[in-house]
Amino acid sequence: MIVLLMKLVATPLVLWLADWMLADVYYPTLTSSLSTGLTLAIIGYGTEWLMLRRGTLWLTTIVDWAVTAAIVYVSQFMFPGTFVTVMGALLTGGVMAIAEYFMHRYAIDRGALATRA
């Protein structure tokens, strides 16, 4: 549960920072970036639940990067006024992957995802 809470806070925050720092990512409202961030957090948690275990740290992080980049890019078609280039989506996915790496390490080290059968 702590991993989900970390993702629900960190993912929208990292997306908001990418929106603020990158010229290739623009969300016109806080609601659009927050909605995209929460969607990313929920999908990322599902990815972790399905894939993350000892020995799959890098694979899961790379999958999270690709999924994040795809969702960020597609989000421009969901919210009017949003602008995201391919490079902006890839960079945002990269920044998110760095944060995800540390969350994955935490989850593996603490056994936070080991409760599933």
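Check Arg105 against each of (1) surrounded by 13 or more Cβ atoms within 10 Å (Cβ to Cβ); (2) farther than 29 Å from Leu30 by Cα and name the one condition it does not meet.
All conditions pass for Arg105, except number (1).
Considering each residue of segment 19-36, count those that are of a type in the set (Gly, Ala, Ser) and more than 16 Å from Tyr73 (Cβ to Cβ), and give that number.
Residues flagged as of a type in the set (Gly, Ala, Ser) and more than 16 Å from Tyr73 (Cβ to Cβ) within segment 19-36 amount to 0.
Against the definition (assigned to a helix (DSSP H, G or I), under 21 Å from Arg105 (Cα atoms) and polar (S, T, N, Q)), how does Thr92 come out, yes or no?
For Thr92, the condition - assigned to a helix (DSSP H, G or I), under 21 Å from Arg105 (Cα atoms) and polar (S, T, N, Q) - is met.
Out of Leu38, Leu34, Leu59, Leu50, report the one residue that is assigned to a helix (DSSP H, G or I), among the aliphatic types (A, V, I, L, M), touching a Phe, Trp or Tyr at 6+ places or on another chain (Cβ under 8 Å) and at negative phi.
Values: Leu38 fails: touching a Phe, Trp or Tyr at 6+ places or on another chain (Cβ under 8 Å); Leu59 fails: touching a Phe, Trp or Tyr at 6+ places or on another chain (Cβ under 8 Å); Leu50 fails: touching a Phe, Trp or Tyr at 6+ places or on another chain (Cβ under 8 Å).
Within the list Leu38, Leu34, Leu59, Leu50, the selection yields Leu34.
Could you say whether any residue in segment 78-89 is part of a helix (DSSP H, G or I), in contact (Cβ under 8 Å) with a residue 12 or more places away in the chain, surrounded by fewer than 21 Cβ atoms within 10 Å (Cβ to Cβ) and touching an Asp or Glu at 6+ places or on another chain (Cβ under 7 Å)?
yes
I'd like to know if segment 84-97 contains one or more residues that are of a type in the set (Gly, Ala, Ser), in contact with a helix residue (DSSP H, G or I) (Cβ under 6 Å, 6 or more places away or on another chain) and over 24 Å from Ile2 (Cα atoms).
Checked against the condition, which is being of a type in the set (Gly, Ala, Ser), in contact with a helix residue (DSSP H, G or I) (Cβ under 6 Å, 6 or more places away or on another chain) and over 24 Å from Ile2 (Cα atoms), segment 84-97 yields at least one hit.
Which of (1) closer than 16 Å to Tyr101 by Cα; (2) surrounded by fewer than 17 Cβ atoms within 10 Å (Cβ to Cβ) is the odd one out, the single condition Leu30 does not satisfy?
(1)
Of the conditions (1) more than 15 Å from Gly44 (Cα to Cα); (2) touching a Gly at 6+ places or on another chain (Cβ under 6 Å); (3) not aliphatic (A, V, I, L, M), Thr68 clears all except one; give me its number.
Single failed check for Thr68: (1).
Considering each of Thr60, Thr92 in turn, give the residue that is polar (S, T, N, Q), buried (at least 20 other Cβ atoms within 10 Å of the Cβ) and out of contact with any His (no Cβ under 7 Å at 6 or more places or on another chain).
Thr92
Coordinate-derived values only; no laboratory data. The model shown is predicted, which means the values in this text are computed figures rather than measured ones. Virtual Cβ from ideal backbone geometry, glycine too; neighbours counted across all protein chains shown.
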